[in-house]
């Protein structure tokens, strides 16, 4: 897939980083403000999709495989499961129990393991949506070749 | 009560599309319309008149809040909806490559 | 509040009818996007900012994927003269929809009045979420603490969907 015109490329250059940072902000503040892992993950995936659409598929150094994103996704969901399992060992002996101290509501580091879940679910959602998009693009390239 | 009825009508419009349309893309669009109506219905159930968004300000506890449970359910359902729509779209693109048409009836006749 | 949501819903219904009957597939897909954005406004009016953020981003990405697929295949709706089978289909659909609407209208009598929100679990969650989990955002508290299994199932469905997409779209087997 070829990239778009110079105007689109320049605008993307300015915007994509901001979109990515906003996604990270939404993920990290998921337990304080509206948002969370799902919203932030989709926003992060959106920034990568924007870059790929503007600069063409050579930008992501596509090697006819989606290996990187699939491995990231699987590792993220595995880590989330391990955190949930840790509740069996350290916490009250319940799967998915909140085993870190709850802290004071309203501060950035609070709410026990919820921010950790937010981060890993965010990575998982971002990686899976990006994988779907890359699979579509790679399919299109192989068809036109 | 009119809101609920309009929500049902939106659902039924999607159902009508699924039954009568012959184009695969139209069927997927109808499916997502049905999805939208279900999301809206769940969000409507949880609404409390005069309530504020379910985010607690630690400085001023108390007050009326909207029910957070239906919102949590819809939040997961929206992301699943994206994944299933993408999967249906990839099935459609494969079908078009094989049969060169999106018409359900023609695909049934071709049988290849 | 009820009137505002009703007006937006009427527009969404008109958009849905147009999306189903459009001649051009591209305009049908874009109309589907407009219905999704209408849903975003409804969520904002219903005090659900979490849902509004997720829905607006998801709708954009869905639109990108759908437009890519439609441009890659065909834009034209295959139009042929409606024959007998089509009329039978449409009349059957209308009858089915009338019956379902009748029962939905009957069932809606047992729903609570709009804006009452008398779910019993709500008070428990609102009181417990802040003190038990320490999370200021109640929706996040419900998702990751009270209903963790829900999220686990959601993540599993996402992984399965990705596996399905890769399996469907792979042209050649691995060497």
Quiz prompt | Tally of residues being more than 8 Å from chain B (Cβ to nearest Cβ) and either surrounded by 15 or more Cβ atoms within 10 Å (Cβ to Cβ) or at pLDDT 85 or above (or both) across the stretch C:72-98 | solution = 5
Quiz item: Looking at residue C:57, is it modelled with pLDDT under 90, more than 11 Å from chain A (Cβ to nearest Cβ), in contact with a helix residue (DSSP H, G or I) (Cβ under 9 Å, 6 or more places away or on another chain) and buried (at least 19 other Cβ atoms within 10 Å of the Cβ)?
Solution: no
Quiz item: Just to be sure, is residue B:51 at the interface with another protein chain (Cβ under 7 Å from one of its Cβ atoms) and farther than 27 Å from residue C:161 by Cβ?
Solution: yes
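Yes/no matrix, rows are residues, columns are (1) facing chain C (nearest Cβ under 7 Å); (2) more than 20 Å from residue C:98 (Cα to Cα); (3) touching a helix residue (DSSP H, G or I) at 6+ places or on another chain (Cβ under 8 Å):
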residue	(1), (2), (3)
B:20	yes, no, yes
B:30	yes, no, yes
B:64	no, yes, no
B:102	yes, yes, yes
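Looking at A:78, A:88, which one is part of a helix (DSSP H, G or I), over 26 Å from residue C:53 (Cβ atoms) and at pLDDT 85 or above? Before you say what the answer is, go through the steps one by one.
On the way: A:88 fails: at pLDDT 85 or above.
Result of the check over A:78, A:88: A:78.
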Exercise. Go through the stretch C:2-46 residue by residue and tally those that are more than 7 Å from chain B (Cβ to nearest Cβ) and not in a helix (DSSP H, G or I).
Key: 3
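The values are calculated or read from the model by the stated rules, or taken from the named source; none is laboratory data. Nothing here was measured: the structure is a model prediction, and the numbers come from that model. Quick reminder, even Gly has a Cβ in these numbers, built from the backbone with ideal geometry, and neighbours come from all protein chains shown.
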